[in-house]
Structure formats: structure tokens, C-alpha cells
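Working notes for the structure below.
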Amino acid sequence: MTSLQHPRQPTQPPTPPPPPGRREQQEERGTNPVRLAILAGLVAWLGIAGGWAPLVVVLGVVVMIFLHELGHYLAAKWGGMKVTEFFIGFGPKIWSFQRGETEYGLKVIPAGAYVKVIGMNNLDEVDPADEGKTYRQASYPRRMAVAVAGSTMHFLQALLLLFVLYSFVGVPGGSLTEDKEWEVGEVVPGSAAADAGLQAEDRVLEVDGRRYETFTTFAEDIAERPGEDVTLSVLRDGEVLEVPVEIGIAPSDPARGLLGIRRDLVTTTVGPVRAVGASVSDFWDQTGATLGFIGSFSPTDFWDSVVSSGSEPAAVEPREPAPGGQQPSSSEAPDENRIISIVGAVGIGADLTENGLLGFLLFFVGINITIGIFNLLPVLPLDGGHVVVATYERVRELFRPGKGRYHVDMVKLLPVVYAVFALLVLLGVTTIYMDITDPVRL
């Protein structure tokens, strides 16, 4: 939200700066055509080099981050705090204007956005007349509201996108967490499914009268019945057929059954009323999965991935179709389950967006949940660090009644802040390196 500043100790009373001339005023406000041309050139280069999909994803990411900062801005204004800047982008200014006490504008590097709230800590110098409008003087609930507002906006975006998916666009498999709605996408030649006459777009409803909630449970049951004769209830062109099948045997494992189909997920909607519950359920499931991934992060494994990134891959024996038939994709390899940078995220988002609106929305559901959780990690300079500081200050105040507000001495925390910042930069650089030398592809 703002940067840490060291206090200055002037040796003499400061003299007010001279009023800016017309050229300086134009530099501070208005439009800079040269920088605007630079930004336009960057956008044009991205569109020409990568096509329309990366451009759409980058614009979507900028909007997403803008909404993150808008959350901080609205919470700060609601809390009576003074916001002096609200900019999209970083670096030199392209264009800006003043409304009230806030300067709004655009900067040349479209890599995010930021909001500057005065008095974030005891190192932030503030005009004494504005001290009552600082973050540090606000009540604990209002400071907490500002700290969590960015992640809250990410979570609201994810819930809204899930609602749109369930209500209007359709969700593949009927659920983002369970593949309930599926059909035969392809029949493997010479397989048990081919011998039985199964066709693409068939929908397997039952096996020997048993109905399966998900494709996973269907595949697991088939895998446990090698060589058995079963009867499939298949929906084809609106008619239910009884199809006898002798389940095949996997060449690499005689104890594993193999039907020989590749699955396609069926995209379905559930209507606005049911979409509310489904959206909340999927949101919690994906949040739990993201927390589990963060909790399982191993610095050693990550470093091994960095070292091996870009090296010549070892020869891999071709994989067979999964027990139910679906051929696993290359993105399911264990080494692809890794942290990715914004470069990798844009690449994945572009791959999904090229498949249409569904892929675009699915990407932004996932990235909003991930960024929302990451920003709440309890370390400065992340938003979660501000939550910890505000909570610690409040606890200290409870144990010293009547002594007024307590403020953490940020000087003591600066080494921690710098260390975390350095780690974040290192993480960013290494993940960008991996995403360039060994990109994740869907």
C-alpha cells in the first residue's frame, strides 16, 4: 500500500520549495506523450509477438490488481484516512489528475497498481495537521479493514467468476473439483471399448447397474476388474443402450483393468440459485487446495527445479491411458506442480484463453484465489504482515490501559522487511527464469 520511509532530522527549519513553473506542473499533471507512446509500443509489441490471448490476459491481470488496490482505497476512505496517490503501473508518470486530496494516474510499467495511505507506521513522516487521518491513528477494526481489503477483493472476484461460470457459461464436468459430467471423447483402437462398439459422445451411466458420481470412481472400479464381463448402460442420441463389455487388461500390469477410452468433460450450468451454493463450495475447496500447496512448499525441491530447469529432459517411456481410459496430459507431471511467476501465469492464462471464455474465466478464478491467499501470508511487506502488526499493537494496548496508542517500532522490523523483500525478489527472478527456460504448458 505504501513504502517505508526513514525519518529525517533537519538541522535547520525547512524552507518551502518555490512554486513549480508551468513545465514542472505539466510534468506533475496531465499527459506525457513520450511515455504514453512507450506504453502503447509495449502493448503493441505484446499483441504482435504473442497474439491476442496474452494481451487479453495481461489486461485482465492489470484490472485484477487495480481492483485489489481499489479495495485498499475504499477501505481507507471509509476509515477516514488520507489517500494521497492511486496509480496504475509503476515508474515514471504518463498521465495524472488531482481530485481532492488524492492524485490519480497511470505510470509507464503496467505491472500492477498501488495506493498510498499516509502514516502507515512510525517511520512515515506526516504533516501534524494530517495526523488524525493516518493509518496508524485509526482504530484497530479500520486498520484491519484496510489490510485485508485487497485480498477480500480477490476472493470476491473469484466468487463472482464462479457464479458466472455455474449460471451462464457452464462448468466442465459439472463441478470444478469433481468430474461428474463426462462423455467418451475418443475410443482407443483395438481396446475393449472399441470391441464393444463404444463411440465418441457416448455417456456411460452405469456399470452392472451401479451409477458413479464421478469419472474418478468409475475409472477406479474399472481398474479393479481386469478381464471381467460387465454391462454398461450407455446414453447415445437420447437412447439408453445396454452394452456388454469384457474389460481389457493393462499390458504393463495384469492386475489392472483397462477399458480404452479418453474422456471429455461435459460443460453444464445449474442456474443462478444453485450456482450460489456451488460457487461457495468450489471456492472453499480451491482455497483449501491452495493452502495445502503453500504448506507443502519445499525450498530444497524448488532449488532442484531451478537447477534442472532448461536442461535436456531424460527419455520417458510413453504412458498408457489411465484405467478409465483418459490419457494423462504432460502438465500432470510432478515437476510441473510448482510455483510460477507472472510470466508463467500469463502463458498458462493465454493457453486457456485461446480455448474461449471458459478458459479465461477458469484461469482468473484460480489466480485470484492464489494471490488473495498469498497476500495474507503473515510477513511484511505483504498485507498479512500489516494484519499481524495491527493485531500485535492492539494486544499491547489491551495490557496497558490508559496509556494511549501503542505503535510498533518499525526500525526494529526493517531487517525482517528487507530480508522478506529480498526473498520475494529472488523467488520472482528464479520463477521467471524457470518459466522462460522450462515453461509449463497445458
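The values are calculated or read from the model by the stated rules, or taken from the named source; none is laboratory data. Remember, predicted model here, so these are calculated numbers, not experimental data. Note: ideal-geometry Cβ built from the backbone for every residue, glycine included; neighbour counts use all protein chains shown. The protein model used for the area step is the full one, side chains on, heavy atoms only, and it has no ligands, DNA or RNA in it. Shrake-Rupley method; radii C 1.70, N 1.55, O 1.52, S 1.80 Å.
You will find that of PHE364, PHE374, the residue that is within 14 Å of the chain's Cα centre (by Cα), of a type outside the set (A, V, I, L, M), open to solvent by 30 Å² or more (accessible area, probe 1.4 Å) and modelled with pLDDT of 90 or more is PHE374 and no other.
ARG210: under 30 Å from TYR406 (Cβ atoms) and of a type in the set (D, E, K, R), yes or no? Against the criterion (under 30 Å from TYR406 (Cβ atoms) and of a type in the set (D, E, K, R)), ARG210 does not qualify.
Please enumerate the residues belonging to the stretch 249-264 that are open to solvent by less than 70 Å² (accessible area, probe 1.4 Å) and either modelled with pLDDT under 90 or not in a loop (DSSP other than H, G, I, E, B) (or both). Walk me through how you get there before you give the answer.
Filtering the stretch 249-264 down to residues open to solvent by less than 70 Å² (accessible area, probe 1.4 Å) leaves 250, 253, 256-263.
Across the stretch 249-264, the qualifying residues are ALA250, ASP253, ARG256, GLY257, LEU258, ILE261, ARG262, ARG263.
Collect the residues in the stretch 77-101 that are open to solvent by less than 50 Å² (accessible area, probe 1.4 Å) and assigned to a loop (DSSP other than H, G, I, E, B), keeping them in residue-number order. Residues satisfying the conditions are GLY79, GLY80, MET81, LYS82. Scanning the stretch 23-38 for residues that are at pLDDT below 70 and part of a helix (DSSP H, G or I), we see that the one that is nearest to the chain's Cα centre (by Cα) is GLU28.
Could you please give the count of residues in the stretch 192-226 that are touching a strand residue (DSSP E or B) at 6+ places or on another chain (Cβ under 9 Å), in a loop (DSSP other than H, G, I, E, B) and either open to solvent by 20 Å² or more (accessible area, probe 1.4 Å) or closer than 28 Å to GLY366 by Cα (or both)?
First pass over the stretch 192-226, keeping only residues touching a strand residue (DSSP E or B) at 6+ places or on another chain (Cβ under 9 Å): 192-209, 211-212, 214-215, 218-219, 221-226.
Subsequent filtering for residues that are in a loop (DSSP other than H, G, I, E, B) retains 197-202, 208-209, 212, 214, 224-226.
When the remaining residues are screened for being either open to solvent by 20 Å² or more (accessible area, probe 1.4 Å) or closer than 28 Å to GLY366 by Cα (or both), the result is 197, 199-201, 208-209, 212, 214, 224-226.
The number of residues fulfilling the criteria is 11.
Screening VAL43, VAL58, VAL62 for residues that are of a type in the set (Val, Ile, Thr), open to solvent by 50 Å² or more (accessible area, probe 1.4 Å) and in a helix (DSSP H, G or I) leaves exactly one candidate, VAL43. Identification of helices (runs of 4 or more DSSP H) wholly contained in the stretch 332-442 with 1 or more residues that are in contact with an Asp or Glu (Cβ under 6 Å, 6 or more places away or on another chain) and closer than 30 Å to GLY47 by Cβ yields 342-353. Note on the stretch 107-117: residues that are under 23 Å from VAL343 (Cβ atoms) and open to solvent by 50 Å² or more (accessible area, probe 1.4 Å) total 3. In the stretch 129-142, the residues that are closer than 20 Å to ASP383 by Cα and part of a helix (DSSP H, G or I) form Cβ pairs under 7 Å with partners that are open to solvent by 50 Å² or more (accessible area, probe 1.4 Å) and modelled with pLDDT under 95, at six or more places apart or across chains, as follows: TYR140/ARG394. Listed by first and then second residue, the pairs with beta-carbon distance under 7 Å, at least 6 apart or on different chains, first residue in the stretch 193-215 and in contact (Cβ under 8 Å) with a residue 60 or more places away in the chain, second surrounded by fewer than 20 Cβ atoms within 10 Å (Cβ to Cβ) and assigned to a loop (DSSP other than H, G, I, E, B), are ALA194/VAL188.
Of the residues making up the stretch 178-191, those that are buried (at least 17 other Cβ atoms within 10 Å of the Cβ), in a loop (DSSP other than H, G, I, E, B) and within 34 Å of the chain's Cα centre (by Cα) are ASP179, LYS180, GLU181. Cβ-Cβ contacts under 6 Å between residues 6 or more apart (or on different chains), taken from a first residue in the stretch 293-313 that is closer than 16 Å to TYR433 by Cα and in a helix (DSSP H, G or I) to a second residue that is modelled with pLDDT under 75 and of a type outside the set (A, V, I, L, M, F, W, C), are listed as SER305/ARG338. Step by step: first the residues of the stretch 140-169, then only those that are over 18 Å from GLY71 (Cα atoms) and either open to solvent by less than 50 Å² (accessible area, probe 1.4 Å) or of a type in the set (Ser, Thr, Tyr) (or both), then the one that is farthest from the chain's Cα centre (by Cα). Which residue is that? Once the filter is applied, the top-ranked residue is SER167.
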